[in-house]
Amino acid sequence: MSAAPPNLIVVMSFNPTIFSLIGPVKASTVEQLNTVLPSACTTSKLGRRDPPTFQKQKQPNSGIEYWEVELRGQFCDQVGVSSVFCKLFDCLEEEGHWKLKDTNAITTPEDNREVYKFFFVKRF
């Protein structure tokens, strides 16, 4: 019996802009995302100060580790959201072997945040 392929879940919440990576993503890919995602936002704060970077987090109950960054004060209109998606897909393509399996998008009723989830599986 073969093992199930690894999964990667990317959660992107906009306005406020928060990104989470759950799964076995390479550190080099996280570093590349640290570089390209802030500049893809519609209101970029680049040059004013160092942008926040992904930090490894751990869920208290389950102990699952994941990467997360909140780009405070940076917002995305529809063009910015599309630009962020393209940058994400480019970085994962460079890492190689990730295949997009499913997506989900909602607008939260409480605060009208747009939340997108991307589900990837590793191709062998």
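Subtracting the Cα-Cα distance of ASN34 and ILE18 from 0.36 nm times their residue separation leaves 4.5 nm of extension gain.
If the viscosity is 1.306 mPa s and the temperature 10 °C, what Stokes-Einstein diffusion coefficient in µm²/s follows for the chain when Rh is the Kirkwood radius over Cα pairs? Write down the numbers at each step before the final one.
Details: Rh = 15.2 Å.
It comes out at roughly 105 µm²/s.
Derived scalar couplings between HN and Hα for the stretch 102-114 equal 7, 9, 8, 9, 9, 10, 6, x, 5, 9, 6, 6, 8 Hz in order, rounded to whole Hz, by the Karplus curve 6.51 cos²θ - 1.76 cosθ + 1.60 (θ = phi - 60°), x for Gly and Pro. Taking all protein chains together, ASP50, ASP102 sort by accessible area into ASP50, ASP102, largest first [probe 1.4 Å].
With θ taken as phi - 60° and the Karplus curve 6.51 cos²θ - 1.76 cosθ + 1.60 applied, the whole-hertz 3J(HN,Hα) list for the stretch 52-58 is x, 10, 4, 10, 6, 10, 9 Hz, x standing for glycine and proline.
Of the accessible area of the chain, computed with a 1.4 Å probe over protein heavy atoms only, carbon and sulfur atoms account for 52 percent. Heavy-atom accessible surface of SER20, to the nearest 10 Å², is about 10 Å², with a 1.4 Å probe and all protein chains retained.
For PHE75, the amide hydrogen comes within under 5 Å of the amide hydrogens of THR42, THR43, counting only partners 5 or more places away or on other chains and with H modelled in the peptide plane. Only lysines eight or more places from LYS122 in sequence, or on another chain, were considered; those with a Cα closer than 16 Å are LYS26, LYS99, LYS101.
Counting only protein chains, not ligands or nucleic acids, how are THR43, THR35 ordered by accessible area (probe 1.4 Å), most first?
Numbers: THR43 65, THR35 100 Å².
Of THR43, THR35, the descending order of accessible area is THR35, THR43.
Helix 27-40: angle to the longest alpha-carbon principal axis of the chain, degrees 0 to 90, nearest 10? The angle comes out at about 30 degrees.
Electrostatic tally near ALA105: other residues with Cβ closer than 13 Å to its Cβ, Lys and Arg +1, Asp and Glu -1, net 0. Under the criterion of Cα pairs below 8 Å and six or more residues apart, the relative contact order for the chain equals 34 percent.
With charges set only on the Cβ (+1 for Lys and Arg, -1 for Asp and Glu), what does the dipole of the stretch 35-124 come to about its Cα centre, in debye to the nearest 20? All intermediate terms of the calculation are to be shown ahead of the outcome.
Details: 13 positive and 13 negative charges, 37 e Å.
Around 180 debye, computed over the stretch 35-124.
The loop-placed GluC sites (Glu not before Pro) in the stretch 57-124, going by DSSP, that have at most 14 neighbouring Cβ atoms within 10 Å of their Cβ come out as GLU110. Accessible surface ranking for TRP98, TRP67, 1.4 angstrom probe, highest first: TRP67, TRP98.
The values are calculated or read from the model by the stated rules, or taken from the named source; none is laboratory data. All figures in this text were calculated on a predicted structure; none of them were measured in a lab. Note that each Cβ is placed from the backbone with ideal geometry, even for glycine, and that neighbours are counted across all protein chains shown. Heads up: the accessible areas ignore ligands, DNA and RNA and are worked out on the full protein's heavy atoms, side chains in. Shrake-Rupley method; radii C 1.70, N 1.55, O 1.52, S 1.80 Å.
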